[in-house]
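Report on the following structure.
The values are calculated or read from the model by the stated rules, or taken from the named source; none is laboratory data. The structure presented is a predicted model; accordingly, all values stated were derived computationally and were not measured. Counting neighbours? That spans all protein chains shown, and the Cβs are built from the backbone with ideal geometry, glycine included. All accessible areas refer to the heavy atoms of the entire protein, side chains included, with ligands and DNA or RNA removed. Shrake-Rupley method; radii C 1.70, N 1.55, O 1.52, S 1.80 Å.
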Amino acid sequence: CFLYTEEWSVSNLNDNRIITSELCYAYPEAEKNAVDHVNMRVKKGEFLAILGHNGSGKSTVDKLYNALYVPSEGTVWVVGMDTRDDDLVFDIRQHAGMVFQNPDTQIVATVVEEDVAFGLENNGVPPKEIRVRIDEALAAVQMSQFAKKAPHMLSGGQKQRVAIAGVLAMKPDVIILDESTAMLDPSGRREVMNTVHRLNREEGISVVIITHYMSEAATADYMIVMDEGRIAMSGTPREVFTKVEQVRALGLDVPPMTDLAHMLRADGVDVRADVLTVDEMVEEVCRLSSSI
């Protein structure tokens, strides 16, 4: 993902999964745009994190990606399709599948495999193909053993993995997670994030995650920080999180180990500023110890 100003043509849209051009969106009766002239693109196989305080516009952006909202101004292309074209909305949502915050609001069937089949049946996929896709999707999220189970018997993390399987069965190019781990305990969050990273890494599916968890954002390839509907910061997690004061000024925090490195450096300790994980901090401590 990168911001851009260069000229490009419709002929290169399919080289990317999502492109926005001067994207704006205003809610009815609102005095200003919730999303204000956002230019960005999501490339094939990329893992993008979008951060921002409440009201920054981040969740509005993902609904524009999925054609749940139509731009007030500007354009969103999903795999080359303009989200303003009503005739393409169904196709767009197949290519850009969305997983919402509460898994209970997405699960509609009383048996796991029937829930995964729901979108396929509505799309008129032949029964034999549906069976194959159900099996593949549940295997991909490591939920095959729960195919005959009732969703209400599953944990929060397992339910969210079923929701991801339902999206995955549609064979999307992009999976969009709208704070999909927010209602889960740490174990459930870990289950979902491991699943999403595996799909990104092994299947080449692009991922866009909207999250409040800095540890989740730190695992992305690229991230953007939104404020007042605009992109306030962008870069790799290391590039963004090392600007600790700037991130905090936008109402966010940084990963705990980055915060610790920031405090140590303020006290004159020569640790790397771009530490993100516990393992990296341990390496820094060992390096410093060996030099004493």
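Observations on the model:
Residue-wise test of (1) open to solvent by less than 10 Å² (accessible area, probe 1.4 Å); (2) in contact with a strand residue (DSSP E or B) (Cβ under 6 Å, 6 or more places away or on another chain).
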| position | (1), (2) |
| --- | --- |
| A30 | no, no |
| D36 | no, yes |
| A67 | yes, no |
| E73 | no, yes |
| D86 | no, no |
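Yes/no matrix, rows are residues, columns are (1) at pLDDT 95 or above; (2) under 30 Å from N39 (Cα atoms):
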| site | (1), (2) |
| --- | --- |
| M233 | yes, yes |
| D253 | no, yes |
| P256 | no, no |
| A266 | no, no |
| D270 | no, no |
| L276 | no, yes |
| E280 | no, no |
| C286 | no, no |
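- Qualifying residue in the stretch 248-270 (condition: among the hydroxyl-bearing types (S, T, Y) and either in contact with a Gly (Cβ under 6 Å, 6 or more places away or on another chain) or not in a helix (DSSP H, G or I) (or both)): no
- Failed condition for E216, given (1) at pLDDT below 95; (2) open to solvent by 20 Å² or more (accessible area, probe 1.4 Å): (2)
- Every test in (1) among the aliphatic types (A, V, I, L, M); (2) assigned to a loop (DSSP other than H, G, I, E, B); (3) at pLDDT 90 or above; (4) farther than 21 Å from M40 by Cα is passed by I292 save one, and that test is (3).
- Single residue of V225, V196, V192, V247 found to be at pLDDT 95 or above, over 16 Å from R41 (Cα atoms), open to solvent by less than 40 Å² (accessible area, probe 1.4 Å) and not aromatic (F, W, Y): V247
- Filtered residue count, the stretch 164-187, keeping only those that are open to solvent by less than 10 Å² (accessible area, probe 1.4 Å) and either closer than 17 Å to T105 by Cα or of a type in the set (D, E, K, R) (or both): 6
- Any hit, the stretch 88-104, residues being within 20 Å of S187 (Cβ to Cβ) and among the polar types (S, T, N, Q): yes
- Listed by position, the strands (runs of 3 or more DSSP E) inside the stretch 152-229 whose residues that are at positive phi number at least 1 form an empty set.
- Qualifying residue in the stretch 91-98 (condition: in a helix (DSSP H, G or I), without any contact (Cβ under 8 Å) to a residue 12 or more places away in the chain and open to solvent by 20 Å² or more (accessible area, probe 1.4 Å)): yes
- If you go through the stretch 134-148 and keep only what is without any contact (Cβ under 8 Å) to a residue 60 or more places away in the chain, open to solvent by less than 40 Å² (accessible area, probe 1.4 Å) and in a helix (DSSP H, G or I), you end up with I134, A137, L138.
- Where G74 falls short, out of the listed (1) in a loop (DSSP other than H, G, I, E, B); (2) more than 15 Å from the chain's Cα centre (by Cα); (3) not basic (K, R): (1)
One line per residue, one yes/no per condition, for (1) open to solvent by 20 Å² or more (accessible area, probe 1.4 Å); (2) within 19 Å of I18 (Cβ to Cβ); (3) in contact (Cβ under 8 Å) with a residue 24 or more places away in the chain:
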{"site": "V89", "(1), (2), (3)": "yes, yes, no"}
{"site": "F100", "(1), (2), (3)": "yes, yes, yes"}
{"site": "A117", "(1), (2), (3)": "no, no, yes"}
{"site": "P127", "(1), (2), (3)": "yes, no, no"}
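- In the stretch 25-50, the residues that are in contact (Cβ under 8 Å) with a residue 24 or more places away in the chain and hydrophobic (A, V, I, L, M, F, W, C): A26, A34, V35, V38, M40, V42, F47, L48, A49, I50
- Leading residue by the ranking (nearest to S180 (Cα to Cα)) among those in the stretch 202-211 that are open to solvent by 10 Å² or more (accessible area, probe 1.4 Å) and touching a residue at least 60 places away in the same chain (Cβ under 8 Å): I205
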